[in-house]
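Heads up: the structure comes next, in structure tokens.
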Amino acid sequence: MKVVVQVVEKIMSEAHIHIPDGLTEDAIKQHIVGLYNSGEMTLDLNIFQVDFESISATIVQQPQEIA
């Protein structure tokens, strides 16, 4: 019997980054999004909390098991 198990978790990561002085709130948001989208911030992200959301299992019948 084959069973497919799916686990859903919410992962919270934290990064400490430097933002140029004098930016507006919208410019700060755009700067952070730009760092994330470019992959520059990915190396700085540290996982500090993982919350379990759900788990489910589906039985997958093999062709020879169908009868």
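All of the numbers you see were taken from the coordinates with simple rules; none came from a lab. All values derive from a computational prediction rather than experimental measurement. Note: ideal-geometry Cβ built from the backbone for every residue, glycine included; neighbour counts use all protein chains shown.
Things to note:
- Here the relative contact order of the chain, from alpha carbon pairs under 8 Å that lie six or more residues apart, stands at 62 percent.
- Angle between the chain longest axis and helix 25-38 axis [Cα atoms, degrees, rounded to 10]: 50 degrees
- Between residue 27 and residue 53, the modelled label-to-label distance comes to 3.5 nm, taking each label 7 Å out from Cα in the direction of the beta carbon.
- For the stretch 49-63, 3J(HN,Hα) computed residue by residue from phi via the Karplus equation (6.51, -1.76, 1.60; θ = phi - 60°) reads 7, 10, 9, 6, 9, 6, 9, 9, 9, 10, 7, 9, 7, 6, x Hz, glycine and proline entered as x.
- Dividing the summed -39500 (n - 2.57) terms of all DSSP H runs of n ≥ 4 by the residue count of the chain sets its mean residue ellipticity at 222 nm at -6500 deg cm²/dmol.
- Cα gyration tensor category, rounded, prolate or oblate, for the chain with a/c compared to 1.5: prolate
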